[in-house]
1. With respect to residue 171, determine if the residue is touching a helix residue (DSSP H, G or I) at 6+ places or on another chain (Cβ under 7 Å), within 30 Å of residue 44 (Cβ to Cβ) and not assigned by TED's automatic domain parsing to the domain that holds residue 39.
2. Given the conditions (1) at positive phi; (2) at pLDDT 95 or above, which single one is not true for residue 115?
3. Hey, among 104, 92, which residue is in contact with a helix residue (DSSP H, G or I) (Cβ under 8 Å, 6 or more places away or on another chain), assigned to a strand (DSSP E or B), outside the structural domain of residue 173 (by TED's automatic domain parsing) and crowded, with 20+ Cβ neighbours inside 10 Å?
4. Pairs needed: first member in the stretch 125-139, within 20 Å of residue 38 (Cβ to Cβ) and outside the structural domain of residue 43 (by TED's automatic domain parsing); second member anywhere, assigned to a loop (DSSP other than H, G, I, E, B) and modelled with pLDDT under 95; C-beta distance under 8 Å; at least 6 residues apart or different chains.
5. Give the stretch 39-51 a look and list any residue that's crowded, with 18+ Cβ neighbours inside 10 Å and not in a helix (DSSP H, G or I), or say none.
6. If you go through the stretch 136-143 one residue at a time, do you hit one that is surrounded by 13 or more Cβ atoms within 10 Å (Cβ to Cβ), over 22 Å from residue 219 (Cβ atoms) and out of contact with any helix residue (DSSP H, G or I) (no Cβ under 6 Å at 6 or more places or on another chain)?
7. Exactly one of (1) surrounded by fewer than 17 Cβ atoms within 10 Å (Cβ to Cβ); (2) closer than 21 Å to residue 228 by Cβ; (3) in contact with a strand residue (DSSP E or B) (Cβ under 9 Å, 6 or more places away or on another chain); (4) outside the structural domain of residue 78 (by TED's automatic domain parsing) is unmet by residue 187. Its number?
8. Is one or more of the residues making up the stretch 23-38 surrounded by fewer than 15 Cβ atoms within 10 Å (Cβ to Cβ) and touching a residue at least 60 places away in the same chain (Cβ under 8 Å)?
């Protein structure tokens with residue numbers, strides 16, 4: 001288990017002085033990464049074997065968004081781990097210790113040299129402590145899209161600032177891209193993401209927007225061959 005303290009600054013806010021979706025993801029993934037980098041078992045293994053955790057899914061349940069000047073604590077822990085995949089909860093707490101954002105993230109072990117998924121030795125996995133799952137609703141990691149095609153398709157620009165140290169779009173920046181195609185994205189009370197194919201700066205991406213009958217909106221970011229790279233769904 002690992003915890004980071006954060007303060008909400010004006011650079012974290014979007015329209016209406018509301019914390020942006022991508023900044024919520026930054027809070028979550030920064031804490032998760034620090035947990036992995038400082039982990040006494042996984043960190044040495046990752047460095048030795050050129051291994052990283054490739055994110056495959058994320059679910060964020062927003063009880064309320066933190067506000068400007070608020071001191072928050074972000075706590076993360078693994079609740080399930082096997083030789084191929086790992087799953088964690090990460091929670092944002094307010095100053096009273098009450099949870100205001102709950103999340104689930106799932107990832108697969110990947111070798112950075114080959115770009116392929118890998119299996120971690122059982123003796124490594126057995127040394128990693130896991131904690132109980134957070135009490136929240138656990139949805140399917142797969143996001144379904146309605147039949148009959150999207151309500152809107154449009155080119156999605158990939159900016160240099162979207163690219164991270166791995167030379168593809170950062171996990172949080174997909175939310176910035178998708179938000180541009182959604183009405184009032186900062187009013188979402190739940191956001192889900194399914195990551196499939198990493199997007200690079202030179203890639204040509206199309207956003208396909210699906211307005212579901214139950215009020216949810218899904219944005220599928222697709223490559224030139226129509227393959228889904230990332231799908232993000234908003235529940236209001």
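The values are calculated or read from the model by the stated rules, or taken from the named source; none is laboratory data. The structure displayed is predicted, hence computed values, not measured ones. Reconstructed Cβ throughout: ideal geometry from the backbone, glycine too, with neighbour counts over all protein chains shown.
1. Against the criterion (touching a helix residue (DSSP H, G or I) at 6+ places or on another chain (Cβ under 7 Å), within 30 Å of residue 44 (Cβ to Cβ) and not assigned by TED's automatic domain parsing to the domain that holds residue 39), residue 171 qualifies.
2. Of (1) at positive phi; (2) at pLDDT 95 or above, only one is false for residue 115: (2).
3. 92
4. 131/1
5. 51, the sole residue that qualifies.
6. Going residue by residue through the stretch 136-143, those that are surrounded by 13 or more Cβ atoms within 10 Å (Cβ to Cβ) are 136, 139, 141, 143.
Pick out the ones that are also over 22 Å from residue 219 (Cβ atoms) and you get 136.
Now drop any that are not out of contact with any helix residue (DSSP H, G or I) (no Cβ under 6 Å at 6 or more places or on another chain), which leaves 136.
Yes: one or more hits.
7. (2)
8. no
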